[in-house]
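Below is one structure; the comments refer to it alone.
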Amino acid sequence: MTAQGDRVLRVAVIGVGHLGRHHARLLSAMPGVDLVGVVDANLQRAREIAEAHGTSAVTDAAALAGVVDAVVVATPTESHAEVASPFLEAGTAVLIEKPLARSLDEADALVALARARGATLAVGHTERFNPALSLARPMLTAPRFIEGHRLGTFPDRSLDIDVVFDLMIHDIDVVLSVVDAPVVTIDAVGVPVLTPRFDIANVRLKFANGCIANLTASRISRDRTRKIRFFQPASYVSIDFAEQELEVWRLVRPPAGAPSIEGGPVDVARDEPLRRELEDFIAAVSGRRDATVTGEAGRRALELAQRITDEMVSVRQEGGTSVPPREI
């Protein structure tokens, strides 16, 4: 039962490629949800996923009009706005995989449309639902330096976007959700190695409160790494997103005697972040509340990702020489 009444929430997944098929798998087993269909331009793929999860396969998302309460959009980034807009226009809840859109103009239009129609708009920044981050969040009180590494092997997908929008944007969103201050300077460099787009990137972000974040993303590495570290007065927090591991160290000052450093690994109850993300989305739709990662949050991450990429383009146009950090 949901807040929609005695009926379950009717949901469909649009785009069942690399990630969309996992959305379909999880939604098909979720209480209070009826996976009414999956959509993909490749009918054979749509039928394969539909058969696996006991639902219908279609190739045109327009066929879902009027028969769904919510949709998940997991198509290539360039089509996010085109696919999602008709559903938001109809007041249908939409979860869009990151990045929210291919441009800020499209992102603004999606956010405005959702607001005007009273439709839930969520963005798939899955790391927000990583159990290690959820456990660590109350401990992140005043980070002064953040270091993130998100490295992976060369993929066969998402090559239509730079590595900043493909991988780094996860850490951008996490950092923006932790640091409550605007970014004041950006110093970034990126290199196109195997594609015409940036395949490896590094950025140093300075926030108005003095916090510094140094983020590196690569899709041409030999090993897969998903780590972020937070340094703050008297404590250090380390998160391994891939392994869902957390370490916390603190400076302890006793009433008498010398201070000591205490801490170590913290037990994390492992779970599938994507399932937690979908549960949050369904709960938001059913309870008529905002999702944890709203359209506005997705837009903020996209804006900063775009500014980082613009800075890298500027550096490259200067012949690879360093240029002063860009004031925002």
Per the filter on region 8-44, residues within 19 Å of H80 (Cα to Cα) and assigned to a helix (DSSP H, G or I) are G20, R21, H22, H23, A24
Here are some conditions: (1) at pLDDT 90 or above; (2) outside the structural domain of E106 (by TED's automatic domain parsing). G287 meets all but one. Which one does it not meet?
(2)
Output yes when any residue across region 90-97 is in contact with a helix residue (DSSP H, G or I) (Cβ under 8 Å, 6 or more places away or on another chain) and within 23 Å of T309 (Cβ to Cβ), and no when none is.
yes
For region 150-157, state whether one or more residues are hydrophobic (A, V, I, L, M, F, W, C), crowded, with 17+ Cβ neighbours inside 10 Å and within 26 Å of R102 (Cβ to Cβ).
yes
Expected output for region 73-98 (first residue over 16 Å from V16 (Cβ atoms), partner polar (S, T, N, Q) and crowded, with 16+ Cβ neighbours inside 10 Å, Cβ below 7 Å, 6+ apart or cross-chain) is A93/T120
Say we look at region 287-305 and pick out the residues that are among the small types (G, A, S) and in a helix (DSSP H, G or I); which of these is surrounded by the fewest Cβ atoms within 10 Å (Cβ to Cβ)?
G287
Candidates G118, G54 - the one that is under 28 Å from Q306 (Cα atoms), surrounded by fewer than 21 Cβ atoms within 10 Å (Cβ to Cβ) and out of contact with any helix residue (DSSP H, G or I) (no Cβ under 6 Å at 6 or more places or on another chain)
G118
Per the filter on region 76-90, residues surrounded by fewer than 24 Cβ atoms within 10 Å (Cβ to Cβ) and either among the hydroxyl-bearing types (S, T, Y) or closer than 13 Å to V123 by Cβ (or both) are T77, S79, A81, S85
Hits in region 127-165 (condition: assigned to a helix (DSSP H, G or I) and in contact with a Phe, Trp or Tyr (Cβ under 9 Å, 6 or more places away or on another chain))
E127, A132, L133, A136, M139, V163, V164
Against the condition over 17 Å from the mean Cα position of the chain (by Cα) and loosely packed, with under 15 Cβ neighbours inside 10 Å, how does E243 come out, does it pass?
yes
Filtering region 211-231 down to residues that are within 18 Å of A305 (Cβ to Cβ) and of a type in the set (S, T, Y) yields T216, S218
So if I check each of V36, V67, which one is in the same structural domain as G91 (by TED's automatic domain parsing), in contact (Cβ under 8 Å) with a residue 12 or more places away in the chain and exposed (fewer than 13 other Cβ atoms within 10 Å of the Cβ)?
V67
Search region 262-296 for residues being touching a Lys or Arg at 6+ places or on another chain (Cβ under 7 Å) and not acidic (D, E), and hand back the single one that is farthest from R128 (Cα to Cα).
G263
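The values are calculated or read from the model by the stated rules, or taken from the named source; none is laboratory data. Here the structure is a predicted model, which is why all the values come from computation and not from measurement. Note: ideal-geometry Cβ built from the backbone for every residue, glycine included; neighbour counts use all protein chains shown.
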